[in-house]
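All remarks here apply to the structure that follows.
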Amino acid sequence: MTEIIDGNAVASEIRDGLTDAIETLADAGRRPGLATVLMGDDPASQTYVNMKQRDCEEVGIDGTHAEIDGDAPASELYDAIEDLNDDPSVHGYIVQEPVPDHIDYREVLRRIDPAKDADAFHPENVGRLVAGQPRFKPCTPHGIQKLLEAYDVETEGADVTIIGRSNIVGKPMANLLMQKADGGNATVTVCHSRTEDLEEKTRSADIVIAASGVTELVDASMLAEDAVVIDVGISRVDADNEKGYELVGDVDFESAKSKAGAITPVPGGVGPMTRAMLLHNTVNAASAQQG
Ligand code: GUN
């Protein structure tokens with residue numbers, strides 16, 4: 001029987017585990033604070049930041065949100081970042097991606113105080129991760145590690161194929177999985193748009209992590225029997241329903257399910273874990289900044 005990996009359930013356990021730490025910090029007069037910054041009006045991003053704010057409320061983190069007009073100059077975003085760096089009630093924050101075309105996201109990241117970088121995207125935090133000394137772990141890859149752990153999927157000695165080389169998922173995922181640490185010690189192959197014979201790389205994997213943004217790229221024919229399949233994709237595809245769209249992953253779920261040993265659904269797999277690990281990083285940031 002193929003196991004359906006329940007990201008909502010694991011994320012809920014993680015949130016429960018955080019509430020004690022949050023109460024302890026609040027008792028000491030330091031309620032953790034997370035800010036989200038959204039520039040522009042990308043509807044998917046709006047939904048994500050709303051969900052992140054709702055999560056904050058649920059666990060007792062002070063959530064604040066700043067919206068910046070998509071046509072505003074970069075200086076307006078930089079000013080907001082400076083304010084957040086200086087605000088002692090904000091322990092962690094994120095600038096939601098994607099940003100408008102005229103904004104250089106790398107410059108945005110460089111301006112974030114690394115101690116408040118709840119996404120772990122600042123170059124200092126990327127370097128620390130690669131060096132095996134992470135301050136924070138990036139939320140999506142960390143969430144995937146937690147999912148694998150929750151379902152007793154051994155990474156040590158496993159062959160893992162990652163599809164996608166983004167800074168948000170593919171690269172940090174590869175780094176975490178190859179670390180000499182719990183949830184690591186895997187042999188990692190990172191595939192991307194120029195990879196030749198992708199199917200050969202996925203068929204030889206014990207674990208396939210699909211994070212390319214190409215809808216339904218992975219099907220049963222690309223998998224080894226009983227492979228563990230983690231679907232990071234979450235594309236909005238036009239649909240004839242109330243919302244006008246449906247969410248589609250990078251994996252053809254019905255096809256892959258017929259061969260996989262375990263598989264994440266979309267939605268309800270990786271997404272809730274990303275959000276839970278953002279709360280985790282915020283609590284860690286608040287603890288570290290305790291004066
Ligand atoms: N856009 C999609 N995923 C993420 C994320 O994890 N963090 C930020 N800041 N933007 C995103």
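If the chain between residue 193 and residue 290 were fully stretched, how many nm would it gain, using 0.36 nm times the residue separation less the Cα-Cα distance?
30.5 nm
Please report the Cα spread of the range 119-164 along all three principal axes, rounded to whole Å, starting with the longest.
On the principal axes, the range 119-164 reaches 31, 21, 19 Å in Cα extent.
Would you please give the FRET efficiency between residue 242 and residue 8, computed as 1/(1 + (r/R0)^6) with r the Cβ-Cβ distance and R0 = 25 Å, to the nearest 0.05?
Once the sixth-power term is evaluated, E becomes 0.75.
Take the alpha-carbon centre of the range 86-133, take the same for the range 15-58, and report the distance between them in whole Å.
16 Å
Extending each Cα 7 Å along its Cβ direction at residue 75 and residue 46, get the distance between those two points in nm, one decimal.
2.8 nm
Would you work out which of 59, 258, 181 lies farthest towards the positive end of the dipole of the chain, given +1 charges on the beta-carbon of Lys and Arg and -1 on that of Asp and Glu, about the Cα centre?
181
Take the Cα atoms of the chain, find their three principal axes, and give me the spread along each one in whole Å, biggest first.
Per principal axis, max minus min of the Cα coordinates gives 52, 39, 36 Å.
Show me 235-245, 98-108 ranked by packing, highest mean number of other Cβ atoms within 10 Å first.
Taking the mean over residues of other Cβ atoms within 10 Å, the ranking is 98-108, 235-245.
Per residue of the range 107-115, what does 6.51 cos²θ - 1.76 cosθ + 1.60 with θ = phi - 60° give for ³J(HN,Hα)? Whole Hz please, x for Gly and Pro, Karplus curve as stated.
5, 4, 4, 4, 7, 6, 4, x, 6
Bear in mind these aren't lab numbers, they're just calculated from the coordinates by the rules spelled out. Everything quoted here is computed from the prediction, not taken from an experiment. Because the Cβ atoms are built from the backbone with ideal geometry, glycine has one as well, and the counts that use them run over all protein chains shown.
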